[in-house]
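The values are calculated or read from the model by the stated rules, or taken from the named source; none is laboratory data. These numbers were taken from a predicted model, which means no experiment stands behind them. Every residue, glycine as well, gets a Cβ built from its backbone with ideal geometry; the counts of neighbours run over all protein chains shown.
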Amino acid sequence: MWMMSCNLKNKWTIVALFCGVTQIYAQEQTKEIEKEDVVVEFSFNPTLSNVVKLKINPVSQDSFAKEKINYQIKSKKVASDFVPITQMANYVNIDPPISNNYENYIYGAAGLYGNSELDVFLRPKWIKDYQFGVDLNNENYQNGIDDKRVPNARWHTNLALFLGKQSKRKSWNTEIGYDRNQIHWYGLSPLLTNVNSYQNKDVQQVYNTFSLGGDVQYQKGLVSTINSSIQLFKDSYKTTETNIKVGAVLDKLFIDKIKTIVDLQYLNGAFKQNYTTVDNVNYSFFNLGIHPSYSYLTEKFKLDMSIGLLLNLDSEASKTNFLCLPKIIGSFPLVKNIMRLDLGIKSEFTQNSYASFAKDNPFVSPTLNIQASNTLFDLFLGLNGNLGRNVTYKTETGYKVINNQALFVNNMQTILLTEGYQLGNTFSVVYDDVKVFKVEGDINIKLLEHLSLGATAVFNSYTLETQKKAWNLPRFSLETFANYKMDTWFAQAGFNRVNGREDLVNSKIIKVKEIYDLNIKVGYIINKHLNAHLNAYNLLNSNYESFTNYQVQGFQAVAGLSYKF
C-alpha cells in the first residue's frame, strides 16, 4: 500500500516554487550540518569518512575558525566523559601545533584501574600517486566502578586500512575496517537482591563490525562521484545485520547549475529472539532516493534549495512509503563582518539500525524493534558572527516535528531469568511522534595569545503523542572547554553538565542522575618528536549515570607519551 508522507499543499506551499531548482544535503539525524555552508551529501550517508584521516581539532564549535592542528589525541568516550546526547562533547582533544607536518603518530597511555589508551596513525609517503595508511585506536577500561555485582569492564578497538590514488582525470579511495566493542551489562536492577539469580549469568556482550567501501571522483563528465559501502554487524547472541549503501552525484543532469544525488540503501537483519520469548525478530528495508539540488550565492546572501523524493520499503511489515524531503536554507548579512542571519526549513529521513542503536547506547538488549524515523520539518532561525577579532558566536532557535522518533527505555526484569540481558540491566527502543523546541547558543573567545575558551548550551522541550516522557533525552546540556599553550607546555580543560533525563523503570518514571564531569589534559613537549601526557578524567569524582543504573568510574588518570615522525 502506498502512503504519501509529505503533503505539499498542507505542508509547505512555498516548496512548490522550487521543485525544479533545488539543493539537498540531507543526512542521518545523528549529525548536524553547518547551516551557512553549501554541502551536498546523501540522505542516508552512503559515503565513507574521509579516507585521508589527518586529525584536526574536532571541538564541537565547528563554525569557528581555529588554528590548524596537525595531530590530536582522539576524543575518548571513556566512562567519565560519556554524554548521552546526540553529539558527543569532543573537548578532550589536545596536542600543540607543530611546525613540521609529520605523517605518522603514535600515542599510548596507561593508568588507574588498569585503563589504557592507544592511537596509531601511519601514513607512508605517496608512491606513484598512491597513498595508503593504517589507523588503530584501542581503549581498555577495567572494572573500578563501586558496588557493582558483576564485571563492568569495557574494551573497544577500531582498525582501518585504506588505499587511494589520485590522477588528473579521477581519484579513488578504498577502506577496510574492523571495530570490536566489548561491554558488560553491569547495570543490574536494584530489585535484584537474590545473588543466585545473577551470579552465574553471562552479562558480557561483544559487538563486531566489518566494513568495506570506497568512492570514485571524476574531474569531468555527467557523474562526478560514485560511492558504495557494505557493513556487516554481529554480536555475541548471533544477531546479524547487513547494511549496503550505494550513491552517485550527477552534475548538470537537468540544467547547468543543478546537481542530482541518487542513493540506495538495503538494510537486513535478524535477532535470534525477542525479549521474553525465543521467537526470531527479522527486519528488512530498501530505500531509494533522488535529490536534485540548487544553490544561489551572491555577495549579499546565499540560498540553498532542494526537494528529495524517497521510496522506503519495509519488507517485514509489508509497507511502502513515499517521502518528500524538501529543504530551503538562506543566509543573509545583517551587520557586515559582525552578524549574519541564518534561517530555513528542511525534512530528513533516518534509517535506524541495530548498529546505530548499539553505538548510541551499547547497553541495549539484542531484541530490538528496528524502524525508520522521519523529520517532517525542522524550522530554525539563528544568528552568528564576530564581536571583534577574538570573539565568535552562534545562536539558534528551532522547532521540529519527528515521526517515529526512537527512544531508549529500560527493560523490566523478566520472571524467568534465562539470559544475562534480562536482569533489568538493558534497554529497548520505543517509537513516538515528537515535537521538539530547541534553543542553542555557543561562543568562542580567544582571551590571550595562549589561552582560548568556549562553551555550548542547549535547551530542549519535548511534546510527545503517546509516551509520557521523552525517555533518556536531555532537557539541558552544557559543554565548555579551555585551551592553553605556552612554550613547551599545553593543556585543555573541559566541563560537561547534562540534566533533565527521565526513564521508565518498572512502570515508574524516574530521573536519571545528572551529569557533572570535569576533565583536564596536560602535556609537555620533550622535543619536536616526543610529547609527554597526563590526562585526568572525572576530577569531581562524580558517580553520575550514563544510563539508568550505569554508574561511571570515579576519578581516573592516565599518563603516556606521543611520538610524531
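Key figures
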item	result
Failed condition for Lys336, given (1) buried (at least 22 other Cβ atoms within 10 Å of the Cβ); (2) within 30 Å of Ala455 (Cβ to Cβ)	(1)
Search result, residues across the range 193-223 that are loosely packed, with under 14 Cβ neighbours inside 10 Å, over 26 Å from the mean Cα position of the chain (by Cα) and among the β-branched types (Val, Ile, Thr)	Thr193, Val195
Search result, residues across the range 265-301 that are over 24 Å from the mean Cα position of the chain (by Cα), polar (S, T, N, Q), in a strand (DSSP E or B) and over 27 Å from Ser236 (Cβ atoms)	Ser293, Ser295
Test: Leu539 is within 23 Å of Leu118 (Cα to Cα), of a type in the set (A, V, I, L, M, F, W, C), free of Cβ contacts under 8 Å to residues at least 40 places away in the same chain and out of contact with any Pro (no Cβ under 6 Å at 6 or more places or on another chain)	yes
Exclusive hit being at negative phi, β-branched (Val, Ile, Thr) and not in a strand (DSSP E or B), set Val150, Val134	Val150
Residues that are in contact (Cβ under 8 Å) with a residue 60 or more places away in the chain and under 13 Å from Ala160 (Cα atoms), drawn from the range 212-223	Gly213, Gly214
Selection count where residues are of a type outside the set (Ser, Thr, Tyr) and either in contact with a Pro (Cβ under 9 Å, 6 or more places away or on another chain) or at pLDDT 95 or above (or both), scope the range 546-556	2
Extreme residue, nearest to Leu539 (Cα to Cα), among residues of the range 475-528 that are part of a loop (DSSP other than H, G, I, E, B) and in contact (Cβ under 8 Å) with a residue 40 or more places away in the chain	Val512
Residue list for the range 233-249, restricted to those being out of contact with any Lys or Arg (no Cβ under 8 Å at 6 or more places or on another chain) and in contact (Cβ under 8 Å) with a residue 24 or more places away in the chain	Phe233, Lys234, Asp235, Ser236, Thr242, Asn243, Lys245, Val246, Gly247, Ala248
Residues within the range 116-135 that are in contact (Cβ under 8 Å) with a residue 24 or more places away in the chain and within 24 Å of the chain's Cα centre (by Cα), tallied	7
Qualifying position, being among the small types (Gly, Ala, Ser), crowded, with 22+ Cβ neighbours inside 10 Å and under 25 Å from His291 (Cβ atoms), among Ser356, Ser347, Ser331, Ser315	Ser347
All positions within the range 224-253 that are surrounded by fewer than 19 Cβ atoms within 10 Å (Cβ to Cβ), among the hydrophobic types (A, V, I, L, M, F, W, C) and over 20 Å from Leu310 (Cα atoms)	Ile230, Leu232
Selection within the range 159-182 - touching a Ser or Thr at 6+ places or on another chain (Cβ under 6 Å) and surrounded by 19 or more Cβ atoms within 10 Å (Cβ to Cβ)	Gly177, Asp179
Residue ranges of strands (runs of 3 or more DSSP E) in the range 302-420 with at least 2 members touching a residue at least 12 places away in the same chain (Cβ under 8 Å) and among the charged types (D, E, K, R)	302-314, 319-335, 339-351, 391-410
Residues of the range 409-428 that turn out to be modelled with pLDDT under 90, of a type in the set (Ser, Thr, Tyr) and within 11 Å of Ser189 (Cβ to Cβ), as a count	1
Whichever residue in the range 491-536 is within 15 Å of Val552 (Cβ to Cβ) and of a type in the set (Val, Ile, Thr) and, among such residues, is farthest from the chain's Cα centre (by Cα)	Val512
Single residue of Lys438, Lys346 found to be of a type in the set (Lys, Arg), out of contact with any Pro (no Cβ under 9 Å at 6 or more places or on another chain) and under 30 Å from Asn321 (Cβ atoms)	Lys438
Residue match in the range 515-534 (condition: within 18 Å of Glu139 (Cβ to Cβ) and surrounded by fewer than 22 Cβ atoms within 10 Å (Cβ to Cβ))	yes
Residues satisfying the stated conditions in the range 459-490, i.e. in contact with a Phe, Trp or Tyr (Cβ under 7 Å, 6 or more places away or on another chain) and either closer than 20 Å to Asn390 by Cα or of a type in the set (A, V, I, L, M, F, W, C) (or both)	Phe459, Ala470, Trp471, Leu473, Phe476, Glu479, Thr480, Phe481, Tyr484, Trp489, Phe490
Among residues of the range 405-458, those that are surrounded by fewer than 19 Cβ atoms within 10 Å (Cβ to Cβ) and touching a helix residue (DSSP H, G or I) at 6+ places or on another chain (Cβ under 7 Å), counted	1
Any hit, the range 458-470, residues being in a strand (DSSP E or B), at pLDDT 95 or above and either touching an Asp or Glu at 6+ places or on another chain (Cβ under 6 Å) or farther than 17 Å from Glu502 by Cβ (or both)	yes
Selection count, the range 146-157, where residues are closer than 28 Å to Ser211 by Cα and either crowded, with 17+ Cβ neighbours inside 10 Å or not polar (S, T, N, Q) (or both)	5
